[in-house]
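*Asks:* What follows is a single structure, and I will ask about it in a moment.
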Amino acid sequence: MNPPSPTARPASIDVDVLVAGGGLVGLTLAVALSGAGLSVAVVDRLPPDQPLETSFDGRASALSFAVWRMLGALGIAQHITVAEPILDIVVTDADRRRQPSPLSLQFDRDDAGEEALGWMVENRHIRVALDAAAAARPNLHRLAPDSVEGFDVDGPHVTARLASGGQVRAQLLVGADGRNSQVREALKIRSYGWPYRQSALVTTVHLAAGHGGTAYEMFLPDGPLAVLPLSEDRANIVWSQDSRLAQARAGLAPEALGHDLTQATGGAFGAMTLVAPADVWPLELRLAAEWVRPRVTLAGDAAHVIHPLAGQGLNLGLKDVAALADVLVAASRVGEDIGSTLVLDRYAAWRRADTVTLALACEGFTRLFSNEIGPLRMLRTAGLGLVDTVAPARRFFARHAGGAAGDLPRLLRGEALA
Ligand SMILES: Cc1cc2nc3c(=O)[nH]c(=O)nc-3n(C[C@H](O)[C@H](O)[C@H](O)COP(=O)(O)OP(=O)(O)OC[C@H]3O[C@@H](n4cnc5c(N)ncnc54)[C@H](O)[C@@H]3O)c2cc1C
């Protein structure tokens with residue numbers, strides 16, 4: 001393969017891997033592959049500086065400890081300036097008076113045997129860190145703003161046509177272009193799922209009584225409300241609820257929404273004061289029926305979108321990155337064709353079961369906890385209480401939440417690819 005041209009917008013370049021979509025998943029993949037010696041081009045429709053603006057994405061992500069290890073192995077975590085350790089996770093049912101249930105599920109870092117169960121990082125900080133890590137890779141070529149208009153597979157190559165009129169030829173195209181993936185659509189890959197009637201109200205608050213490093217998931221009558229620890233006694237709020245209600249709440253004055261949140265959490269965190277605007281994110285479940293075609297594969301939200309109640313969507317996408325990078329680097333070392341279905345099927349087989357299991361578990365939780373029928377309520381409360389009292393069950397959930405269950409690719413073990 002020829003190395004990419006160093007010019008800003010070449011009319012035509014030739015690389016090993018073309019990644020469509022330079023979001024959190026696509027850019028991490030590009031950093032991983034280029035760090036292992038492959039030449040990579042990333043195309044994103046947004047100007048590179050736009051995602052770095054503070055107002056671009058008010059979300060924060062609960063990164064599992066295995067994913068955190070991976071970001072360290074890739075030299076990305078070193079650029080993250082603010083990260084808050086998650087020391088405990090508390091999942092609690094709530095009764096109609098909105099008081100936390102005495103029966104709740106709680107597991108901590110000792111259950112996982114790790115320094116922390118995970119790390120809370122504001123997405124804006126992850127984007128800045130990724131940008132810095134990408135800038136240090138001479139064989140990573142960023143093409144933005146631009147987009148993949150179409151592509152043709154011809155023998156050992158896939159050739160993509162860009163909106164700018166440029167062209168990229170690669171051995172492999174990875175569609176990391178998000179939930180409405182055009183790569184997935186161009187291949188006519190069906191996806192299964194449905195929009196939820198719920199949207200997530202997202203904001204950041206200051207907690208008068210602090211959080212003590214605990215991440216809370218409270219199943220309130222309006223929907224699951226996550227209070228996720230950030231630095232300086234701030235917390236990221238993700239409150240999934242009826243879409244119209246979420247819009248109405250987002251339109252409230254900051255003081256009124258802060259009061260609403262303080263009431264909804266029963267005053268458990270003291271007064272909650274908004275320190276960022278409120279955004280509304282529509283929610284859906286969507287799973288691609290296939291992940292692989294000759295010379296093309298999918299990763300991240302392009303392959304799977306799940307409910308955010310378990311905070312696992314990005315973790316799933318970054319686990320895709322770990323597995324795909326592992327498979328591709330190993331294949332290229334022994335001279336295999338990295339765009340062949342033989343190689344790509346190994347990646348899909350590695351990731352499929354984990355993805356479907358987690359998506360179904362989130363779906364089950366969403367349904368179970370959005371139902372106020374008496375026996376169901378007793379069943380779920382008993383379920384939480386049972387898990388809480390059985391140490392091996394707690395350890396099982398803690399390892400899963402930490403992303404350390406199953407056969408882990410090297411990056412998730414914190415090992416380098418090369
Ligand atoms: C409210 C909420 C809270 C969440 N909290 C968590 C959490 O705590 N932990 C967690 O693990 N996950 C969480 N998630 C999920 C997580 O945010 C997503 O799974 C993740 O951001 C997906 O990243 P991605 O790179 O696959 O897709 P995206 O972030 O959608 O990136 C896709 C990229 O592709 C580009 N693009 C799109 N189309 C084209 C095109 N045609 N040409 C070129 N470029 C294109 C876009 O500009 C974008 O940069 C949450 C999600 C929501 C909605």
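The values are calculated or read from the model by the stated rules, or taken from the named source; none is laboratory data. Keep in mind the model is a prediction, meaning the values are calculated, not measured. A quick note on method: Cβ atoms are made from the backbone with ideal geometry, for glycine too, and the neighbour counts reach across all protein chains shown. Protein only, heavy atoms only, side chains kept; ligands, DNA and RNA dropped before computing areas. Shrake-Rupley method; radii C 1.70, N 1.55, O 1.52, S 1.80 Å.
*Asks:* When you go through (1) basic (Lys, Arg); (2) outside any loop (DSSP other than H, G, I, E, B); (3) surrounded by fewer than 23 Cβ atoms within 10 Å (Cβ to Cβ) one by one for residue 184, which number turns out not to apply?
*Replies:* (3)
*Asks:* Are any residues in region 289-310 within 12 Å of the ligand (Cβ to nearest atom) and either among the hydroxyl-bearing types (Ser, Thr, Tyr) or open to solvent by less than 30 Å² (accessible area, probe 1.4 Å) (or both), and if so, which ones?
*Replies:* Result: 298, 299, 300, 302, 303, 304, 305, 306, 307, 309.
*Asks:* Among the residues that make up region 249-264, is at least one of them closer than 18 Å to residue 362 by Cβ and under 24 Å from the mean Cα position of the chain (by Cα)?
*Replies:* Looking for residues that are closer than 18 Å to residue 362 by Cβ and under 24 Å from the mean Cα position of the chain (by Cα), one finds none in region 249-264, hence no.
*Asks:* Taking residue 150, is it of a type in the set (Gly, Ala, Ser) and more than 11 Å from the ligand (Cβ to nearest atom)?
*Replies:* no
*Asks:* Only one of 322, 349 is assigned to a helix (DSSP H, G or I) and surrounded by fewer than 19 Cβ atoms within 10 Å (Cβ to Cβ). Can you tell me which?
*Replies:* Only one candidate qualifies: 349.
*Asks:* Kindly indicate the residue of region 266-282 that is at pLDDT 95 or above and aliphatic (A, V, I, L, M) and also farthest from the ligand (Cβ to nearest atom) among those meeting that condition.
*Replies:* Taking the candidates together, the pick is 271.
*Asks:* Among 313, 270, which is the only one that is open to solvent by 10 Å² or more (accessible area, probe 1.4 Å), touching a Ser or Thr at 6+ places or on another chain (Cβ under 9 Å) and free of Cβ contacts under 8 Å to residues at least 40 places away in the same chain?
*Replies:* On the way: 270 fails: free of Cβ contacts under 8 Å to residues at least 40 places away in the same chain.
One residue alone meets the criteria, 313.
*Asks:* Please go through region 205-217 and give me each residue that is more than 12 Å from the ligand (Cβ to nearest atom) and either open to solvent by 10 Å² or more (accessible area, probe 1.4 Å) or under 19 Å from the mean Cα position of the chain (by Cα) (or both), ordered by number. Show your work before the answer.
*Replies:* From region 205-217, those more than 12 Å from the ligand (Cβ to nearest atom) are 205-214, 216; that's our starting set.
Correct list: 206, 208, 209, 210, 211, 212, 214, 216.
*Asks:* Then there is this: Report yes if some residue within region 36-48 is part of a helix (DSSP H, G or I) and either crowded, with 24+ Cβ neighbours inside 10 Å or within 12 Å of the ligand (Cβ to nearest atom) (or both); otherwise report no.
*Replies:* No, region 36-48 has no match at all.
*Asks:* Is at least one residue of region 193-204 open to solvent by 10 Å² or more (accessible area, probe 1.4 Å) and not in a strand (DSSP E or B)?
*Replies:* no
*Asks:* Could you look through region 49-91, keep only residues that are assigned to a strand (DSSP E or B) and in contact with an Asp or Glu (Cβ under 6 Å, 6 or more places away or on another chain), and pick out the one that is nearest to residue 134 (Cα to Cα)?
*Replies:* 60
*Asks:* State all residues of region 126-143 that are within 15 Å of the ligand (Cβ to nearest atom) and open to solvent by 30 Å² or more (accessible area, probe 1.4 Å); if no residue qualifies, say none.
*Replies:* 127, 128, 131, 142
*Asks:* Also, quick follow-up: Name every residue in region 325-346 that is in a loop (DSSP other than H, G, I, E, B) and out of contact with any helix residue (DSSP H, G or I) (no Cβ under 9 Å at 6 or more places or on another chain), in order of residue number.
*Replies:* 334, 335, 339
*Asks:* Residue 52 is checked against (1) within 13 Å of the ligand (Cβ to nearest atom); (2) at pLDDT 95 or above and fails just one. What number does that condition carry?
*Replies:* (2)
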